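Step one of this worksheet: look at the structure below.
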Amino acid sequence: MFKGQTIWAVIHTGGFAMYVLLFCSILSIAVILERIIYYRKKSRAKRVDFIKSVKSEFDAGRASRAVEICRQVDTPFSKVAQAGLMLSGHEEKTISEAMEREITIETIKLERFTTIVGTIGSTAVYIGLFGTVLGIIRAFHDISTAGAGGISVVIGGISEALVCTAAGLLVAIPAVITYNYFIRRIDNFVADMDLCASELMDLLCTKRG
């Protein structure tokens, strides 16, 4: 039915809902790309290797060098470790609370914009259905106004209206898949931060003992 038509012609056929879905699609892609780049940047270092380096410097009495390693490694767990090392010599509760606050701060950064993708994934289908309903209403209204038509006219109008549903699915499915992927990545980051905080606390307590 849309043979020979441009993508803009198909979008125009779908009506207002198609423009909303187009905006959602562009926004979703932008957020997805930004988050993927951000997560890749924040996962270049391995926690095990990082802890070994910090422990080596700290055991050698070079606490300032251990802090410098934390500053050089741009990962969430390095920020947590830095927060703990900066308070070396303080009460365990003070150090633990500082690292917990840093975990919260880094988690907020990791979760930034992800709700946009999740919202688009959960609502795009309904936007498409809304456009389809409006398209069907418009098709029947045109037929009643013209006073002529038949099953072919009705089917043609409905098939054009269903473009919105197809577009809604096309936007929603990748958004839902990517959102679930983001949640998994965030959980992994949080687990690394928790483990790093625990390992650093053991290191500081051992050194104090």
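Residues to consider are Val48, Val31; find the one that is buried (at least 18 other Cβ atoms within 10 Å of the Cβ), of a type outside the set (D, E, K, R) and under 20 Å from Asn188 (Cα atoms).
Details: Val48 fails: buried (at least 18 other Cβ atoms within 10 Å of the Cβ).
Answer to the selection: Val31.
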Within segment 1-39, how many residues are assigned to a helix (DSSP H, G or I), over 28 Å from the mean Cα position of the chain (by Cα) and either of a type outside the set (A, V, I, L, M) or modelled with pLDDT of 90 or more (or both)?
4
Sort out which residues of segment 161-190 are surrounded by 16 or more Cβ atoms within 10 Å (Cβ to Cβ) and among the charged types (D, E, K, R), and write them in order of number.
Arg185
If Lys55 satisfies every condition in (1) surrounded by 12 or more Cβ atoms within 10 Å (Cβ to Cβ); (2) at pLDDT 90 or above but one, which is the exception?
(2)
Taking only pairs six or more apart or across chains, which ones have beta-carbon atoms under 9 Å, a first residue in segment 101-129 that is crowded, with 17+ Cβ neighbours inside 10 Å, and a second residue that is in a helix (DSSP H, G or I) and among the acidic types (Asp, Glu)?
Ile103/Asp194
Anything in segment 88-142 that is at pLDDT below 85 and of a type in the set (A, V, I, L, M, F, W, C)? List them, or say none.
Leu134, Ile136, Ile137, Ala139, Phe140
If Lys42 passes every condition in (1) at pLDDT 95 or above; (2) under 25 Å from Ala175 (Cα atoms) but one, which one does it miss?
(1)
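The values are calculated or read from the model by the stated rules, or taken from the named source; none is laboratory data. Source: prediction; values computed, not measured. Here the Cβ is made from the backbone with ideal geometry for all residues, glycine too, and neighbour counts use every protein chain on show.
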